[in-house]
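Here the structure is laid out as structure tokens; the discussion comes afterwards.
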Amino acid sequence: MERQCVATIGFFDGVHRGHQCLVSQVSGLARELCCPSMVITFDRHPRQVLHSDYIPQLLSTLEEKMSLLTAQGIDRLEVLPFTEELGRMTALEFMRQVLCKQLHVQTLVMGYDHRFGSDGGTFSQYVEWGRQAGIEVVLARELEGEKVSSSRIRRFLAQGDVRMANHLLGYTYSLEGEVVSGHQVGRYIGFPTANLQVRNDKLLPALGVYAVRVTVSDGTTYGGMLCIGHRPTLNNGSELSVEANLFDFRGNLYGQKVKLSMVDRLRDEQSFPSVQALQHQLEQDAVQARQRLENQ
């Protein structure tokens, strides 16, 4: 018979410092009770199932989230497919059928304002539903200090404040994608770029120029600068580009997957009167980006 466990459940977008604090409590309680620790999450945002045209703006893809949660030292990660049937379950039905019967949850650690089930209620109601399902529901301790939430982190990224977003995440926000063929203008002005194809459900920070660290497919990391924008000086129209210039890199990255770790924002996207003026600004950006990376 499978051992009973201490668990928590949530979507955990970004696996930020608040989530990390919660998972740490689950692990600590599991050690006290001499049983395994478990984190339960979902394979997609519930609104993607409940509203078919919804495209989430995620802080972490499923793969990134799984990696981040596993790194917290839990014994088991359970990723549930979020289906219409699951979405219709009441909290008590979910506790009985999934948490208790399927996953053998003995103790469930919950934040005071967390909700699940089609009829989500107050924390005291979850305690009572848990009692009926044979699960002890325990209140999680809040992270001390400032408020940390996925929505707050999204707001900082939407403003381009990656430093504050990184502070709340507890790690450096990143974008991953395959390098595809771009307009190839950068190489002619001394700033060849890797043009990234990024998933449309991953949140892009505000348009602008950023200091980044770029990790290529062989694991090597380079300093660099990233431009997210519409390339107004080059009349790129409405097409959005995500282009990184890697410092001190020589080679071809086409077809490779790279990871851009966002360190700091340098400036807004701007339109320049000439390609020469753009080139001069990029030279200044490169100096500033190197300084920010050195001081980080």
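Descriptive notes on the structure:
- Against the criterion of being surrounded by fewer than 19 Cβ atoms within 10 Å (Cβ to Cβ) and either of a type in the set (A, V, I, L, M) or modelled with pLDDT of 90 or more (or both), Gly219 qualifies.
- Scanning the stretch 18-47 for residues that are touching a Cys at 6+ places or on another chain (Cβ under 6 Å), closer than 21 Å to Ser67 by Cβ and surrounded by fewer than 21 Cβ atoms within 10 Å (Cβ to Cβ) returns a single hit, Pro36.
- Residues that are among the hydroxyl-bearing types (Ser, Thr, Tyr) and either out of contact with any Gly (no Cβ under 9 Å at 6 or more places or on another chain) or at pLDDT 95 or above (or both) within the stretch 80-131 comprise Thr83, Thr90, Thr107, Tyr112, Thr122, Ser124, Tyr126, listed in sequence order.
- Cβ pairs under 6 Å, 6+ apart, first in the stretch 46-64 and without any contact (Cβ under 8 Å) to a residue 12 or more places away in the chain, second surrounded by 14 or more Cβ atoms within 10 Å (Cβ to Cβ) and among the polar types (S, T, N, Q): Tyr54/Gln48
- Qualifying residue in the stretch 170-190 (condition: modelled with pLDDT under 85, part of a loop (DSSP other than H, G, I, E, B) and of a type in the set (Lys, Arg)): no
- If you go through the stretch 121-140 and keep only what is part of a loop (DSSP other than H, G, I, E, B) and surrounded by 14 or more Cβ atoms within 10 Å (Cβ to Cβ), you end up with Gly121, Gly134, Ile135, Ala140.
- Residues of the stretch 237-246 classified as assigned to a strand (DSSP E or B) and among the acidic types (Asp, Glu), total: 1
- The condition of being of a type outside the set (A, V, I, L, M, F, W, C) and in contact with a Leu (Cβ under 6 Å, 6 or more places away or on another chain) holds for only one of Asp264, Asp285, Asp268, that being Asp285.
- Looking only at residues in the stretch 18-60 that are modelled with pLDDT of 95 or more and among the β-branched types (Val, Ile, Thr), the one that is farthest from Leu108 (Cα to Cα) is Thr41.
- Verdict on Met66 being among the hydrophobic types (A, V, I, L, M, F, W, C), more than 19 Å from Leu204 (Cα to Cα), in contact with a Cys (Cβ under 6 Å, 6 or more places away or on another chain) and modelled with pLDDT of 95 or more: no
- Taken over the stretch 247-296, the residue count meeting the criterion of being under 22 Å from Ala158 (Cα atoms), among the basic types (Lys, Arg) and not in a strand (DSSP E or B) is 1.
- Of all residues in the stretch 141-168 being surrounded by 16 or more Cβ atoms within 10 Å (Cβ to Cβ) and within 30 Å of Val98 (Cα to Cα), the one that is nearest to the chain's Cα centre (by Cα): Ser150
The values are calculated or read from the model by the stated rules, or taken from the named source; none is laboratory data. Because the structure is predicted, anything quoted here is derived from the model rather than measured. Neighbour counts are summed over all protein chains in view; Cβ atoms, including those assigned to glycine, are modelled from backbone coordinates with ideal geometry.
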